[in-house]
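The values are calculated or read from the model by the stated rules, or taken from the named source; none is laboratory data. Fair warning: this is a prediction, and the values are worked out from it, not measured in the lab. Every residue, glycine among them, receives a Cβ derived from its backbone with ideal geometry; neighbour counts consider all protein chains shown.
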Amino acid sequence: MSLWSRLFGGGGKTTAPAQGEAHGAFTIYPQPINDGGRWRIGARIEKEIDGTLRTHEMVRADTLESAEAAIEASLVKARMLIDQQGDTIFG
């Protein structure tokens, strides 16, 4: 799959910036999912705990018109999740 397909709509695929955003000790990687021309909110949240990298995949039902709007909304939702649940998101 080409770079352009992955970034702008590879049919059910995610798009993610190369770098994550730090939120406290967590790192958020927005990964909105192309869902039939709309973008579903999604992100990967990571944190190193006791030397082990822990990961949580967040996907929401909300969809938006553009990948850019979905990236921003994904960051907002991930920050809220971290603020509300902290390390408990890792189960």
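Things worth noting here:
- Of all residues in the stretch 22-47, those that are closer than 17 Å to residue 62 by Cα and modelled with pLDDT under 95 have Cβ atoms under 9 Å from Cβ atoms of residues that are assigned to a strand (DSSP E or B) and β-branched (Val, Ile, Thr), 6 or more apart or on another chain, in 35/63; 36/63.
- If the condition is being of a type in the set (A, V, I, L, M) and in contact with a His (Cβ under 9 Å, 6 or more places away or on another chain), then the stretch 44-91 contributes 45, 75, 78, 81, 82, 89.
- Considering residues of the stretch 46-61 that are within 13 Å of the chain's Cα centre (by Cα) and not aliphatic (A, V, I, L, M) only, the residue surrounded by the most Cβ atoms within 10 Å (Cβ to Cβ): 56
- Among the residues of the stretch 62-91, those identified as more than 20 Å from residue 25 (Cα to Cα), surrounded by fewer than 17 Cβ atoms within 10 Å (Cβ to Cβ) and not hydroxyl-bearing (Ser, Thr, Tyr) are 62, 65, 68, 69.
- Which numbered condition residue 38 fails, given (1) out of contact with any Pro (no Cβ under 9 Å at 6 or more places or on another chain); (2) within 21 Å of residue 25 (Cα to Cα): (2)
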